[in-house]
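Beneath this line is the structure, given in structure tokens, with notes to follow.
The values are calculated or read from the model by the stated rules, or taken from the named source; none is laboratory data. Here the structure is a predicted model, which means the values were calculated and not measured. Cβ coordinates were reconstructed from backbone atoms using ideal geometry, including for glycine residues, and neighbour counts include every protein chain displayed.
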Amino acid sequence: MSGQDFYNSHRSDDQDRLHEECGVFGLYDPRREFEVARVTFFGLYALQHRGQESAGIATADGGPRLRVRTSMGLVAHAFDESDLAALSGHIAIGHTRYSTSGSSIKSNAQPIVVNDPNLGPLAIAHNGNVVNAAYLSEELGEHGYSFSCTSDSEVIAKLIVSMPGRNWTEKIRAAMGRISGAYALVLLTPTALYAVRDPLGVRPLCIGRFDNGGWAFSSESCALQTVGAKIERELEPGEIVCVDADGEHRTLYPAGERKALCSFEYIYFARPDSVINGLSLYMVRTEMGRQLAREHPAEADIVIPVPDTAWPAAIGYAQEAGLPFAEGLIKNRYIGRTFIQPDQRLRSQGVALKFNPLPEVLRGKRVVMVDDSIVRGTTTPPLVALLRAAGAKEVHVRIHSPGMINPCYLGVDTARRDELIAANMSVAEICKHIGADSLGYLSIEGLRQSIGLPERSNCFACFNGDYPVPVQLEMSKLNLEARRRHLGAEAIDVVGEREKEEAEGLALALR
């Protein structure tokens, strides 16, 4: 399957969802007891929910060469036994990608390898989005640097190489002063593993230890548990950690008081069995549901979740409201994994391909349906209709996040503002559009209380427009491609007709 085919099959599966960013994983085994590629494979497998477009692993054994394998598709499809056998060494990094900058094509798969004439090769895996990547790309191009892909991750890697410094830590620290945006990085050299978190801490990154003294780094703690490492802590915003033959070395880039961990990590992105900032995400989401019930009670008979991400919040809502919790929808968990497109008749059935209702549970009932978000408003109406067709007497929709009125530019692929339903309709209008009897969103203050961290600890920009860094409004994830095409670079295979139009429009606007 081509990159474009995979991209189209993945995107057409569900347009009305927030799509996760990427997952990164790193491993350093000083005693050389592990098959590091195999352990990294399972670490990435646990992070599959963060990106399903491509996956890759790079390894090092102390010699001058890095070994790299990248492929389109899911982690389980990207590697076979011969791949893992060829990825020998005692240090590894891995990446599973959802494209937030650059197309879903093979050349954009990570890890990406660059070379410094004095320090040698460097492999990078990146979660996040750099908002000044186009400017940095043009500046690097003027200084003789060329690019083999169109992601901001390669811009970060080339920027690090271009920086002054006697070692990689000094170069990374210098590059951090030039980068604006979100980045959680794991980097690999022939002899060391680095982990870096941006000064705002927009994306999560944690450290774990093995009983044999080895280190692991991961976007989420759930992957550390999967591979048998114990979580020690999370990287501080602005922290650089280097692990080499001499142990762990820690450097802090000066960070301000403002912190901006993405609030959707709590709402939806991270797995509920992960821990962020010392908080169980399962418990945080349950509290979101309780707060939602306080803010938007409903005269109802049962509470059901939209599987799978709304389960904890629906349980919390039911507990606070004193209503029975039930399964009203059964999700086909494998429909999104097929590469075969439905015919027009099946396509018109929409979410019926993904969900089957339980008439025996729903018939004659006033139902509260809890979901994590409404983005474009294309999935919720068929879901409400599905419940009514199964016999639900009333359907009250409750969303355990505030209404999304702004796109994200820091590593989450959201719709444009003119596509976000909450930015263009009132709650009453959305309620009518989705066909519900009532609709309630969790308030921003209710979300803050549910998370329970100090103010200005999280980014709520998609809800209130308060971006932690300056952003270019309506910035396309294909911005680098448009800029390079405008500057005369070789044409890039841009996937998706809408994305092509966006890129061409941006190129015209830049003239």
For segment 131-168, give me the residue count where each residue is surrounded by fewer than 18 Cβ atoms within 10 Å (Cβ to Cβ), touching a residue at least 24 places away in the same chain (Cβ under 8 Å) and either of a type in the set (D, E) or closer than 19 Å to T189 by Cβ (or both). 2
How about segment 374-409: which of its residues are crowded, with 24+ Cβ neighbours inside 10 Å, under 21 Å from A423 (Cβ atoms) and of a type in the set (G, A, S)? S401
Turns out the helices (runs of 4 or more DSSP H) fully within segment 377-435 with at least 1 residues that are among the β-branched types (V, I, T) and either touching a Pro at 6+ places or on another chain (Cβ under 8 Å) or in contact (Cβ under 8 Å) with a residue 60 or more places away in the chain (or both) are 380-389, 427-434
Cβ pairs under 7 Å, 6+ apart, first in segment 40-58 and more than 16 Å from E81 (Cα to Cα), second among the acidic types (D, E) and surrounded by 24 or more Cβ atoms within 10 Å (Cβ to Cβ): L47/E220; H49/E20; R50/E20; R50/E21; G51/E20; G51/E21
Reported set for segment 11-33 where residues are at pLDDT 95 or above and in a loop (DSSP other than H, G, I, E, B) is D29, P30, R31, R32, E33
R294 vs. criteria charged (D, E, K, R), surrounded by fewer than 21 Cβ atoms within 10 Å (Cβ to Cβ), part of a helix (DSSP H, G or I) and more than 25 Å from the chain's Cα centre (by Cα): yes
Has segment 246-259 got at least one residue that is at pLDDT 95 or above and within 20 Å of the chain's Cα centre (by Cα)? no
Consider segment 64-113. How many of its residues are at pLDDT 95 or above and more than 26 Å from G214 (Cβ to Cβ)? 0
Filter segment 205-231 down to the residues that are out of contact with any helix residue (DSSP H, G or I) (no Cβ under 6 Å at 6 or more places or on another chain), surrounded by fewer than 21 Cβ atoms within 10 Å (Cβ to Cβ) and not in a loop (DSSP other than H, G, I, E, B) and list them by number. R209, Q225, K230
Please specify each residue of segment 203-225 satisfying the condition of being modelled with pLDDT under 95 and touching a strand residue (DSSP E or B) at 6+ places or on another chain (Cβ under 7 Å). R203
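For (1) assigned to a helix (DSSP H, G or I); (2) of a type in the set (S, T, N, Q); (3) in the same structural domain as G23 (by TED's automatic domain parsing); (4) modelled with pLDDT of 95 or more, each residue gets a yes or a no:
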residue: S148; (1), (2), (3), (4): no, yes, yes, no
residue: V161; (1), (2), (3), (4): yes, no, yes, yes
residue: G165; (1), (2), (3), (4): no, no, yes, yes
residue: K171; (1), (2), (3), (4): yes, no, yes, yes
residue: A184; (1), (2), (3), (4): no, no, yes, yes
